[in-house]
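Inspection log for the structure reproduced underneath, given as structure tokens.
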Amino acid sequence: QVQLVESGGGLVQAGGSLRLSCAASGRTFSTYDLGWFRQAPGEERKFVAGISWSVRSTYYGDSVKGRFTISRDNAKNTVYLQMNSLKPEDTAVYYCAADDFGRGSRRHADYDYWGQGIQVTVSS
């Protein structure tokens, strides 16, 4: 079992930055891939960014490439999402998720554990 708790969300103006954190507990942190997803009202949950258990691979959704950076600190059991040049369309609830099998997936169905989500609102 893995428990995930997000923090760092809030309200920011367009063009600003936020850093989300996700603290994990339970199973050994360095054994599973991690991802960030987001869900806006009335829309399906969408992939934002992922990072492999080894930290060797990172991958991003097209809409955030070049603006967002995912990283993880295996010593602190924490994954981060640095979000720069934020746009109003980035407004959503952001979720941290863990993939037990290291699939490098962008599909939310492939992630086994989820945080409760945290709101990010970007004003124009």
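The values are calculated or read from the model by the stated rules, or taken from the named source; none is laboratory data. Quantities reported herein were computed from a predicted structural model and do not represent experimental measurements. Cβ placement follows ideal geometry from the backbone for every residue including glycine, while neighbour counts extend to all protein chains displayed. Heads up: the accessible areas ignore ligands, DNA and RNA and are worked out on the full protein's heavy atoms, side chains in. Shrake-Rupley method; radii C 1.70, N 1.55, O 1.52, S 1.80 Å.
Some notes on this structure:
- A search for C-beta distances below 6 Å between a residue of the range 1-18 that is farther than 12 Å from ALA98 by Cβ and among the hydroxyl-bearing types (Ser, Thr, Tyr) and any residue that is open to solvent by less than 30 Å² (accessible area, probe 1.4 Å) and modelled with pLDDT of 95 or more, counting only pairs 6+ apart in sequence or on different chains, returns SER7/SER21.
- Candidates in the range 1-17 are the residues that are open to solvent by 50 Å² or more (accessible area, probe 1.4 Å) and not aliphatic (A, V, I, L, M); of these, the one that is modelled with the lowest pLDDT is GLN1.
- Selection status of VAL64, open to solvent by less than 20 Å² (accessible area, probe 1.4 Å) and outside any strand (DSSP E or B): yes
- As a summary of the residue check, VAL120 satisfies the conditions (1) touching a Ser or Thr at 6+ places or on another chain (Cβ under 7 Å); (2) within 16 Å of VAL5 (Cβ to Cβ); (3) assigned to a loop (DSSP other than H, G, I, E, B) except for the one numbered (3).
- Looking across the range 18-56, just one residue is open to solvent by 20 Å² or more (accessible area, probe 1.4 Å), under 19 Å from ASP73 (Cα atoms) and aromatic (Phe, Trp, Tyr), and that is TRP53.
- Taken as a whole, the structure leaves ASN84 outside the set of residues that are open to solvent by 10 Å² or more (accessible area, probe 1.4 Å) and within 20 Å of VAL5 (Cβ to Cβ).
- Among residues of the range 91-106 that are on the phi > 0 side of the Ramachandran plot and surrounded by fewer than 18 Cβ atoms within 10 Å (Cβ to Cβ), those with a beta-carbon under 8 Å from a residue that is in a strand (DSSP E or B) and not polar (S, T, N, Q) at least six positions away or on a different chain give the pairs GLY102/ASP33; GLY104/ASP33; GLY104/GLY50; GLY104/TYR59.
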